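Student: Below you will find the structure I want to go over with you.
The numbers here are math on the coordinates, done by the rules we state, and not lab data. Quick caveat: nothing in here was measured; it's all calculated off a predicted structure. Methodologically, a virtual Cβ is constructed for each residue, glycine included, from the backbone with ideal geometry; neighbour enumeration extends over all protein chains shown.
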Amino acid sequence: MGTVLQSFSQSTVIIQEPALAISCSVGDQTVSTNLGCTYVKNGIDWDATSCTTSGTTTYKLTGVTTAQGLTTLNNVTFNKGTTTVTATKAYNLETASCSFNVVVEDTQNPVFTSYPTTRNIEGCSAADITNPAFNTSLTASTYAVFSLAPNNGAATDNCGVTQVFYQDVVSGACPITVTRIWTVKDEAGNSVTVDQTITIKDNTKPVISGTLASIATEGCDIGALES
């Protein structure tokens, strides 16, 4: 009986990891301030994703917020304005990157912490009002004028108060009542208004000056004065 020889071929299976890749799938983000004049990211949903398990991912921030070497965006503080986030995956001298923008907007209105006081002014017209002067047009003022005596108003804002305006509406004749409408704004244009009442009244009695001349009248009773 002859010998049967069987031959077998051997194959090598090489499992190759996919090419290095990274994805910033969240895309550009627009958010509102949530801590002062900044936005603090809570969560990892902005973190980049990759089908490559090997290597490390780091983040670099440029623009109004700067940082580098971050390993996550969780708990990162973004300043108001536009920040560019660049995520980089590195492995075996290879790198892959993606990026997106984070735009932080201020949508919070200023808040009055003290309303301007009611003012009572001795006078005869609305022109007697000072600090600031009477004006029926929308007029620029300053926070110092609004907050100091005799107005004594106060306001706060997460990004700071930048503009103060007022406009007067007059009614009545004696006394005169002026409703002063104060408007406080921040840099983003968010605003809040409050009314201040100013009353102008003449409380001073007339004063007779000089000496009246004596009058001599011929007659026998008071009826002679009628002539």
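Student: Order by neighbour count: Lys201, Lys185, fewest other Cβ atoms within 10 Å first, most last. Display every interim value, and only then the final one.
Tutor: Numbers: Lys201 15, Lys185 19.
The most exposed by this proxy come first: Lys201, Lys185.
Student: Normalised by the residues of segment 67-122, what does the relative contact order come to in percent, with Cα pairs under 8 Å and at least six apart? Mind showing how you got there, number by number?
Tutor: Working: 40 pairs, mean separation 16.3, N = 56.
This gives 29 percent for segment 67-122.
Student: By the scheme Lys and Arg +1, Asp and Glu -1, what is the net charge of all other residues having a beta-carbon under 14 Å from that of Asn109? Walk me through the intermediate numbers first.
Tutor: Working: positive: Lys185; negative: Glu105, Asp106, Asp157, Asp186, Glu187.
Spelling it out: positives minus negatives among the neighbours equals -4.
Student: Using Cα pairs closer than 8 Å and at least 6 residues apart in sequence, work out the relative contact order for the chain, in percent.
Tutor: Once normalised by length, the contact order is 16 percent.
Student: Still on this structure: Label the chain by shape, choosing from rounded, prolate and oblate, from the square roots a ≥ b ≥ c of the eigenvalues of the Cα gyration tensor; if a/c is under 1.5 it is rounded, and otherwise prolate applies when a/b is larger than b/c, oblate when it is not.
Tutor: Details: a/c = 8.28, a/b = 6.79, b/c = 1.22.
Because a/c hits 1.5 or more and a/b exceeds b/c, the chain counts as prolate.
Student: Thr183: net charge of surrounding residues, Cβ under 14 Å, Lys/Arg +1, Asp/Glu -1, itself excluded?
Tutor: Numbers: positive: Arg180, Lys185; negative: Asp157, Asp168, Asp186, Asp195.
Its environment carries a net charge of -2.
Student: Which whole-number percent is the relative contact order of segment 127-193 (Cα, under 8 Å, 6+ apart)?
Tutor: On the way: 99 pairs, mean separation 18.0, N = 67.
Here the relative contact order equals 27 percent.
Student: Find the cysteines in the chain that fail to meet the 4.7 Å Cβ criterion with every other cysteine, and list them.
Tutor: Cys51, Cys124, Cys174, Cys220
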